[in-house]
Amino acid sequence: MAGGNCSSVTEFVLLGFTNLQELLFVIFLLTYITTLVGNLGMIFLIKTNPQLHVPMYFFLSHLSFLDICSSSSITPKLLSGLLAERNIISFSGCITQFFFFAIFGTTEAVLLAVMAYDRYVAIREPLHYLTTISHEFCVQLVVGSYTAGILNALVHTSALLQLSFCGPNLVNHFYCEIPPLLLLSCSDTWLNKMVLFVCVGFITTISLLVIVVSYTCILLTTWSFRSVEGRHKAFSTCTSHLMAVALFYGSAAFLYFHPFSRQAEDQGKTASIFYTVVTPMLNPFIYSLRNQEVRSTLRRA
């Protein structure tokens, strides 16, 4: 790795998508509008309905906020690039886009683990739920999630700034992401790849471990329920979260753990669509359609 950034590249060209650009513009625009309306609507419902002022929905409101932020850090530039002949982004703009998306993506990964722990406490100890997961503890967990996101983004952004980019400046992607940027660097990127593997691997492993352990305990707890209705009610509060976890971690794992090669760039681009565009749009629908309290609140509204 170079001792400091001495890049001759001052801007990057995001190649994005070269076919069906007008159709993709309409699709991504409608997806982005749906993402904003769905997630803002979820936040509004949670804030205005006293029945939803419980830890589960407090975390869900922050998940919706993160989906809005992560999508907004990527999609507007993607849309403008589909209408332009060349989708150009400055070097500083590229680093800034990656920095903020890394914050929101990492925070969401940690928050999904926090939400799994919240479901475990709610089902395992329902009588002590509101005392165990107090509002102060909820705030601490959310602050911890954002702190993890900021620290992770700072580590990767600092490592990127140490690299030199001498050309070419054609990024085979629709936003600034580490794997395609490392392929363009004229510096030794071994340390960057190791930092990426260790940090992403650590965050993913710890978060998934919390989720797996939480849901294993939930499964054991619900198995002891004598009432079939009680089991169904317990599982119904968890299925939406499990669907969100599967969408988020499935696409993210494919994006960050496939080999660093130019042949894999197109596959990574496809996975990134789910990770950055589709998942933020689907989350509010998953939680609203699978949650009886949210559905009843929507009907009253």
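The values are calculated or read from the model by the stated rules, or taken from the named source; none is laboratory data. Small disclaimer: the values here were computed from a predicted structure and weren't measured. Ideal geometry is used to build each Cβ from the backbone, glycine not excepted, and the neighbour counts take in all protein chains shown. Keep in mind that these areas ignore ligands, DNA and RNA; they rest on the heavy atoms of the full protein, side chains included. Shrake-Rupley method; radii C 1.70, N 1.55, O 1.52, S 1.80 Å.
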With the condition kept exactly as written, say whether any residue in the stretch 28-49 is charged (D, E, K, R) and surrounded by 21 or more Cβ atoms within 10 Å (Cβ to Cβ). no
Which condition breaks for T48 when tested against (1) β-branched (V, I, T); (2) over 23 Å from A109 (Cα atoms); (3) touching a Leu at 6+ places or on another chain (Cβ under 6 Å)? (3)
Could you identify the single residue in Y146, Y120 that is assigned to a helix (DSSP H, G or I) and out of contact with any Cys (no Cβ under 9 Å at 6 or more places or on another chain)? Y146
Among A84, A109, which is the only one that is out of contact with any Phe, Trp or Tyr (no Cβ under 6 Å at 6 or more places or on another chain) and closer than 26 Å to V200 by Cβ? A109
Of (1) part of a loop (DSSP other than H, G, I, E, B); (2) at pLDDT below 75; (3) of a type in the set (F, W, Y), F174 satisfies every one except (2)
Criterion (assigned to a helix (DSSP H, G or I) and surrounded by fewer than 15 Cβ atoms within 10 Å (Cβ to Cβ)) met by exactly one of T157, T205: T205
Look through the stretch 138-154, keep the residues that are surrounded by fewer than 15 Cβ atoms within 10 Å (Cβ to Cβ) and among the polar types (S, T, N, Q), and return whichever of them is farthest from the chain's Cα centre (by Cα). Q140
Suppose we filter Y275, Y215 for residues that are modelled with pLDDT of 85 or more, open to solvent by less than 40 Å² (accessible area, probe 1.4 Å) and either part of a loop (DSSP other than H, G, I, E, B) or over 18 Å from A148 (Cα atoms) (or both); which single one remains? Y215
Could you check, for the stretch 83-102, whether at least one of its residues is modelled with pLDDT under 90, out of contact with any Leu (no Cβ under 6 Å at 6 or more places or on another chain) and assigned to a helix (DSSP H, G or I)? yes
In the set L23, L78, which member is part of a helix (DSSP H, G or I) and over 26 Å from C166 (Cα atoms)? L23
Would you call V195 open to solvent by 20 Å² or more (accessible area, probe 1.4 Å), under 22 Å from G250 (Cβ atoms) and either touching a residue at least 40 places away in the same chain (Cβ under 8 Å) or not in a loop (DSSP other than H, G, I, E, B) (or both)? no
Quickly run through the stretch 63-75 and pick out the residues that are surrounded by 22 or more Cβ atoms within 10 Å (Cβ to Cβ) and part of a helix (DSSP H, G or I). L63, S64, L66, D67, S70, S71, T75
